[in-house]
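*Asks:* Sending over a structure as structure tokens; questions will come in a sec.
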Amino acid sequence: MDYFRSLAFDVPRLCNPADYFMKVLSINYPKKEEDEAKLTLLNNAYRSSIENQVKTANNMIKLDLPQDFKDGKPAYHAPVSVQLD
């Protein structure tokens, strides 16, 4: 509910939140300008939310290079016969 509230979709008093969200997420066909605007708003908000989550997760993950790496490159190379096997 907080997510939709942040997008200015407050659940009306005495309304079932699931019913309200289904109404908010429904699109009329053929689409009208207001439907396109709603889709754009929801899509941009979701994309922004996911980007922030990915950035946060990436900042938390710190992996050390394997011991057989030197200067960011593998210390050895598999022979062609092994690579093609």
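A short reminder: the numbers here are calculations on the coordinates, not readings from a lab. Computed from a predicted model, the values in this text were never measured in an experiment. Cβ coordinates were reconstructed from backbone atoms using ideal geometry, including for glycine residues, and neighbour counts include every protein chain displayed.
*Asks:* Here is a check on your reading of the model: is Asn28 of a type in the set (S, T, N, Q), touching a helix residue (DSSP H, G or I) at 6+ places or on another chain (Cβ under 8 Å) and either touching a residue at least 12 places away in the same chain (Cβ under 8 Å) or exposed (fewer than 10 other Cβ atoms within 10 Å of the Cβ) (or both)?
*Replies:* So Asn28 passes the test.
*Asks:* Evaluate the following for Lys38: is it surrounded by 10 or more Cβ atoms within 10 Å (Cβ to Cβ), part of a helix (DSSP H, G or I) and not polar (S, T, N, Q)?
*Replies:* The answer is yes for Lys38.
*Asks:* Here's something else I'd like to know. Taking segment 31-56, which residues are touching a helix residue (DSSP H, G or I) at 6+ places or on another chain (Cβ under 8 Å) and of a type in the set (S, T, N, Q)?
*Replies:* Selection gives Ser49 alone.
*Asks:* Just for segment 23-68: of the residues that are over 26 Å from Phe9 (Cα atoms) and of a type in the set (A, V, I, L, M, F, W, C), which one is farthest from the chain's Cα centre (by Cα)?
*Replies:* Among residues in segment 23-68 that are over 26 Å from Phe9 (Cα atoms) and of a type in the set (A, V, I, L, M, F, W, C), the one farthest from the chain's Cα centre (by Cα) is Leu65.
*Asks:* Ok, one more. Filter segment 2-22 down to residues that are surrounded by 12 or more Cβ atoms within 10 Å (Cβ to Cβ) and in a helix (DSSP H, G or I) and give me whichever is nearest to the chain's Cα centre (by Cα).
*Replies:* Here the residue is Phe4.
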